[in-house]
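Have a look at the structure below, then the notes.
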Amino acid sequence: MGALDTILFTIAGNGVSLSEVISVILGLSCVFLAGRGKVLNFWFGYFYNIFLFILFASHNLYFSMALQPVSFVINLIGHYRWTHPREGEENAANELKITRLTTPYRARYIIFVVMLALILGWAMQEASVLWPGAFPPAKKPFLDAFVTMMILTAQYLSAQKKMECWFAWTVVNTTNIILYILAGLVFMPVVSACYLVLAYFGYNSWRKQMKEQ
């Protein structure tokens, strides 16, 4: 990956690359702005997807890598939805207002995530066996697949300005801490812990905004 793979410093014997540092800065900025309901978060999100793709490709986290183009598209959809609400969906600033999912929809999301994570994890595990030349053994394929599905769910809910997105992000970042440590990433687990804090404040900020709508 060239200059982006340059090791800037080491933590506990593990190198932290330039792509990892840039991803951290972009990601934290994106989440902070999203928590404050700022449309600007999507612009940081676009570049975040690009740098995460590079970072995960270098660590054989295939689902996390493949997730980034999809996340980019979801960001585009969310950007449009936030700035072009349908009639009755707008807040005082003429942007998409914050809402909640119904209980049946919450149950559907949970079932959908678990089932697809199991299927995708199995598929990646088999791909490593059938085509070892193209797919070196994936690190924790089921955990990687679960995180991937949860991220897609959290992003989609964020794009629709659903309060439940913050619960989904909490699960994502808690799981990511484990996944990143197992993958040999050092800086990203610390960042995921920061995301947990930002998710807490983001939830409270959205709850306050929802009451004011």
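Scanning the stretch 190-213 for residues that are crowded, with 19+ Cβ neighbours inside 10 Å and within 20 Å of LEU26 (Cβ to Cβ) yields VAL191, SER192, TYR195, LEU198, ALA199, GLY202. Can you confirm whether ILE98 is touching a Phe, Trp or Tyr at 6+ places or on another chain (Cβ under 6 Å) and among the β-branched types (Val, Ile, Thr)? For ILE98, the condition - touching a Phe, Trp or Tyr at 6+ places or on another chain (Cβ under 6 Å) and among the β-branched types (Val, Ile, Thr) - is met. Just so you know, in the stretch 67-116 the residues that are crowded, with 16+ Cβ neighbours inside 10 Å, assigned to a helix (DSSP H, G or I) and of a type in the set (A, V, I, L, M) include one that is modelled with the highest pLDDT, and it is ILE74. Looking at this structure, is MET210 closer than 15 Å to SER64 by Cβ and modelled with pLDDT under 95? Here the answer is no, as MET210 does not meet what is asked.
Comparison of LEU61, LEU55 shows that the only residue that is in contact with a Ser or Thr (Cβ under 8 Å, 6 or more places away or on another chain) and surrounded by 17 or more Cβ atoms within 10 Å (Cβ to Cβ) is LEU55. Residues that are at pLDDT below 75 and out of contact with any strand residue (DSSP E or B) (no Cβ under 6 Å at 6 or more places or on another chain) were ranked within the stretch 185-199; the one that is farthest from LEU52 (Cα to Cα) is LEU185. Taken over the stretch 50-66, the criterion of being outside any helix (DSSP H, G or I) and within 18 Å of GLY27 (Cβ to Cβ) is satisfied by SER58, HIS59, LEU61.
Screening ALA57 with (1) closer than 30 Å to VAL16 by Cα; (2) without any contact (Cβ under 8 Å) to a residue 40 or more places away in the chain; (3) not β-branched (Val, Ile, Thr) gives one miss only, at (2).
Give the residues of the stretch 138-168 that are out of contact with any Phe, Trp or Tyr (no Cβ under 7 Å at 6 or more places or on another chain), free of Cβ contacts under 8 Å to residues at least 60 places away in the same chain and not basic (Lys, Arg), sorted by residue number. Within the stretch 138-168, PHE142, LEU143, PHE146, MET149, MET150, LEU157, CYS165, PHE167, ALA168 meet the criteria. Comparison of LEU120, LEU185, LEU130, LEU157 shows that the only residue that is surrounded by fewer than 19 Cβ atoms within 10 Å (Cβ to Cβ) and out of contact with any Lys or Arg (no Cβ under 6 Å at 6 or more places or on another chain) is LEU130.
The values are calculated or read from the model by the stated rules, or taken from the named source; none is laboratory data. Bear in mind that the values here come from a model prediction, so they are computed numbers and not experimental data. Positions of Cβ are backbone-derived with ideal geometry, glycine not excepted, and every protein chain shown enters the neighbour counts.
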